[in-house]
Every structure is written in C-alpha cells, then in structure tokens.
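Below is one structure, written out as structure tokens; comments come after it.
The values are calculated or read from the model by the stated rules, or taken from the named source; none is laboratory data. All of these numbers come straight from a predicted model, not from anything done at the bench. In this analysis, Cβ positions are derived from the backbone assuming ideal geometry, glycine residues included, and neighbour counts consider all displayed protein chains.
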Amino acid sequence: MIILALVLGLSAFALYFVFWPKPLPNFPHNPLSSILGDLPEILRMIKSGKTLSEYYGILVERHGPVIQMFIGWHMSLVVADRGEAERLMIKFKNVDFPPTVFRMFEPLIPLSIMGLPGKDTWKHHRRVMGPTMNRRFLTRMEPHVLEMARQLVNLWDRKHRIVGDRAFAADLDLGLASMNSLAIIGVGASLDPLDRIPASTTSVEKTNESDVVDIPVKSSTPMFDGIRNLMTKVGAVFLLPFPSVTFPAFLWLSPSWRRDLHMIRSFLMSKIVEAKKREVNHGALATDAESVLDMLLLPDPRDGTEQFDEKELLDELAAFLIAGSTVGKVLAWFVKYMPKDAEIQRQLHNEMRTVFDANKEDTSKYLADLNDPDKVPILEAVMAETLRCAQVTSATVRSLLNDDIIGGYHVPKGTTVIIPLWYFATQQSA
C-alpha cells in the first residue's frame, strides 16, 4: 500500500508539473496559482456580463502592452502594441492561424479555405474560390441581395402596421435576411422564410414587461438557429483547458451539435444533388454561373477534372453560409446605432442617392462606386465605426511561423499571438 501510494503521489506530481503553466521569461503575466491559469478569472468575468475583449484591456492596464495569458497550460501572448501588431500582421507576415483555429473548424468545415493551413491545398481552394469575389459575379448576384432587402423592408413595414408606434424586434430579421442572401448566392435557395407572421395578424397586444412587442410567428427558423448554434459551440475551443481532449468531448456530448450539423449537411447535400442533375455548360466562365455551387461544379478549365471532391464542396458551401451570420451581426449593430444620429442618417442617405441616381442607365456600376472609398466616404466611416463599436471581430489569433523579437524580447516559433482589435478600437487615438 505504501508503494502504491508513493507511485500515485509521484504520478500526480509529475502530471501536475507537466501541465503547470510555463511562462516565457521577460513578459509579464498574472500570478500562477493553479494549472488552470487565467481561466477561472476569465469565466468569472464572462459570468458577470463582461467579454473576453474587456479582459484583454484589463491585462494591458495591469501589465503593459505585451502580456502572457494562460488558458490551462497553454500560453498566448497578447500584443496590444499597435506597432508590433502591424509588423507581425502586415509587414513581415511571420504568422499563420494557430492549431486552435484549425481545431475549431475541424469538426465543422475542415476542408474549407477557413479550416486549411496556408499550404498547397489551401492555395488550390483559394484559386477555385477566387471567382466568387470577382466583381462580374458579384454584380450578377446583386438582384438577389436587392430582392432580399426589399423583402426585409416589406416585413418591417408590415410589423410597423401591426405594432403602431411601439418597438418590435429586428435583429433576427437582419440575421436571417443576410444569411438567406448568401444562401441564395451560394446554393440558389434560401434557408428559412423571412416573413413568418400569419396572414391574419393585424394587431398585437403587449404581452411582456419590455418595451418590445412580441409578434407571434407561424414557424421557427431551424436552419438559421442551427448555424448560430454550431458557431457558438465551436467558439468554446478558446475557453476550454486542454482543448485537444476536452473540445471533442464537449461536442460529442452535445445533442444539439449533432442535430444541427446533420441538418445543415443534409440541406447542402440535397442542393448538390439537384445541381449535379442540371446541364453543365463546359465552356462557360466561372463568373457566369448562377450560384457558387454551380461555379464549383464546373470542370477545372486547365484539365477538365473536378475542382473539388464532394467533401471539399460541402465544406466550402457550409463556410459560405456561416459567413452570413457575421454580416447579420454587423447590420444589426448598424441599425441600432443609426437612429441615434439624424444628421449622419441624412448624410448617408444623400450619399446613397448620389450613387444610385448617377448609375440609373448602367446599374452594373453600382457595385464599383459602392466599393470606391472616395465616392462613398460617409458609408466607409459609418461601417468602420459600426465595426469598431460592435466588437464583431474582437481579436485576431495567429501563431509564429519562426522565432521573433516582440517588445525587445525573444519569442519562440509556434507561440500563439493574440492581437486585441477591440482594445485598439476603444483607444482615443483610434
């Protein structure tokens, strides 16, 4: 018994030593009191209603612009020095996505451009997906976006007639409209109906304590909710200790993860099967395709082979849908902020009228003008301020490809670097 106890004790000590956080020299950090590192404090902050972005700011206030942060034994270097951040991300490009990011996308879209490391396969995906961002293709997709915007305006007009001068919820409408737009561009079909209010509804009594009127609907939004749930679930990888073990277990134990992943993949597979039955114009340009799916099913123009296998195709289409959730969040914050400044509304409205009135004869020029900062400075400023205030992208995470010097001190290859974008955006100098 004594020997067994000794062996167990030594084993526990060895494991404790292996998993104890190991800081780099010369960089400050919080006192290390357990193998969980900073995780307990982070979870307390999140429980109190604060965000991880705000925690980065607290670390900067405590320790300075370059700080070590520990999630379990894993160390990340938070670089809140603007000059160092620009050098790392723009000038020398000594960074790539860290293993944690690939681990996040591995259960969801491992073979998409979002989930692949920057090597030959990633370069192939970038080449094949390139025409989806071509101005010719985007211009041809404009009618789909405009139609969804028209449906959204009609829905809000209907809601206004129902509730009168009271407020109604709009965030789900924006998110669903954005995701439906990308779904139509991606696979030629929307996800969930935008207007789900029964035709018989003409008025609604206030049924809750808030100032927002709850308008009953006749159906739910399973696809939209499913995609949001999947993205929430994969985001947990950044807060789990020892994620290589705990993250797969976390997903495996979630019935909603399995349900929603199956639902999204089944939807996309049905669209792939439908698209393959359509006649393919082998001589067509990629930018002449009716959707991203049709584009990706075109033979490789170099040798006539398939550009993607079925798994790659499925993952790239899923990534396209997921992008819609981010667009919806940006628009929701835009709608939240704009009513607070009537003068900015007026300036933006006049700027948009100038762009659209100038291109009545050639509507293909809309997109070019809207993407020209010199022609739409108010739009550029409004969207930049929306992104800054909304924390849509609160931080970017990278891994060093080679040893580097940060803040005057050596940092080894493979170190995870966090650039706290929200912290920069909240500084007065921004």
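Whenever a residue of region 172-185 is farther than 12 Å from F320 by Cα, its partners that are of a type in the set (D, E), lying with C-beta atoms within less than 8 angstrom and at least six residues away or across chains, give the pairs L176/D192.
Considering region 384-430, the residues that are among the hydroxyl-bearing types (S, T, Y) and within 21 Å of P25 (Cα to Cα) include one that is surrounded by the fewest Cβ atoms within 10 Å (Cβ to Cβ), namely Y409.
Taking the numbered list (1) out of contact with any strand residue (DSSP E or B) (no Cβ under 6 Å at 6 or more places or on another chain); (2) surrounded by fewer than 20 Cβ atoms within 10 Å (Cβ to Cβ); (3) under 26 Å from I227 (Cβ atoms) in turn, H160 passes all entries but (3).
Can Q307 be described as surrounded by fewer than 18 Cβ atoms within 10 Å (Cβ to Cβ), touching a residue at least 12 places away in the same chain (Cβ under 8 Å) and not charged (D, E, K, R)? Judged against the criteria, Q307 is not a match. Every condition in (1) closer than 20 Å to L172 by Cα; (2) within 28 Å of the chain's Cα centre (by Cα); (3) touching a residue at least 24 places away in the same chain (Cβ under 8 Å); (4) not in a helix (DSSP H, G or I) is met by P241 except one, and the failing one is (1). If T305 meets every condition in (1) among the polar types (S, T, N, Q); (2) outside the structural domain of F137 (by TED's automatic domain parsing); (3) not in a helix (DSSP H, G or I) apart from one, which number is that one? Exception for T305: condition (2).
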